[in-house]
Amino acid sequence: MTSVWEALRRRFRGQPDLARQASFSYEVYWAKTARLWSPEHRAQALQAIRELQSRSEFVTTLFDRTYRLEEVDATPHAGASLVALQRVLEALSTESHGDLDHER
């Protein structure tokens, strides 16, 4: 039998930040996926995501897969997933530009 203290601690312990966990999972997935894309594919996907996010109706949904971008793939994605993909693509873009600067 658990103590009252342990039961209260479990009940009122801070809940995990679902948005942060989802964002991390999306970033890991997209980092694995986007590394396999050509630089041209990455640039096209990044441009499409930026255009989508500039629309007033864009919502950063955690799990509702409402956005489909041909430049990414044929499946619908959640807004938070596309935001994570944008961060990954920007990081990969910066990384590849850094490699070019290093080779000079």
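Listed here are the residues, each with its yes/no results for (1) surrounded by 10 or more Cβ atoms within 10 Å (Cβ to Cβ); (2) modelled with pLDDT of 95 or more.
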position: PHE12; (1), (2): no, no
position: LYS32; (1), (2): yes, yes
position: GLN47; (1), (2): yes, yes
position: SER54; (1), (2): no, yes
position: ARG87; (1), (2): yes, yes
position: SER93; (1), (2): yes, no
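Among the residues that make up the stretch 73-92, is at least one of them touching a residue at least 40 places away in the same chain (Cβ under 8 Å), on the phi < 0 side of the Ramachandran plot and over 15 Å from the mean Cα position of the chain (by Cα)? For the stretch 73-92, residues touching a residue at least 40 places away in the same chain (Cβ under 8 Å), on the phi < 0 side of the Ramachandran plot and over 15 Å from the mean Cα position of the chain (by Cα): absent. Selection of the stretch 24-43 for residues being among the acidic types (Asp, Glu) and in contact with a helix residue (DSSP H, G or I) (Cβ under 7 Å, 6 or more places away or on another chain) yields only GLU27. The number of residues in the stretch 50-83 being touching a strand residue (DSSP E or B) at 6+ places or on another chain (Cβ under 9 Å) and within 17 Å of THR33 (Cβ to Cβ) comes to 10. All of (1) free of Cβ contacts under 8 Å to residues at least 40 places away in the same chain; (2) exposed (fewer than 14 other Cβ atoms within 10 Å of the Cβ); (3) in a loop (DSSP other than H, G, I, E, B) hold for TRP37 with one exception: (2).
The single condition among (1) in a helix (DSSP H, G or I); (2) touching a residue at least 24 places away in the same chain (Cβ under 8 Å) that PHE63 does not satisfy is (1). Kindly check whether there is at least one residue in the stretch 48-59 that is β-branched (Val, Ile, Thr) and in contact (Cβ under 8 Å) with a residue 40 or more places away in the chain. Checked against the condition, which is being β-branched (Val, Ile, Thr) and in contact (Cβ under 8 Å) with a residue 40 or more places away in the chain, the stretch 48-59 yields at least one hit.
The values are calculated or read from the model by the stated rules, or taken from the named source; none is laboratory data. From a predicted model like this one, the values you see are computed outputs, not experimental measurements. Backbone-built Cβ (ideal geometry, glycine too); neighbour counts: all protein chains shown.
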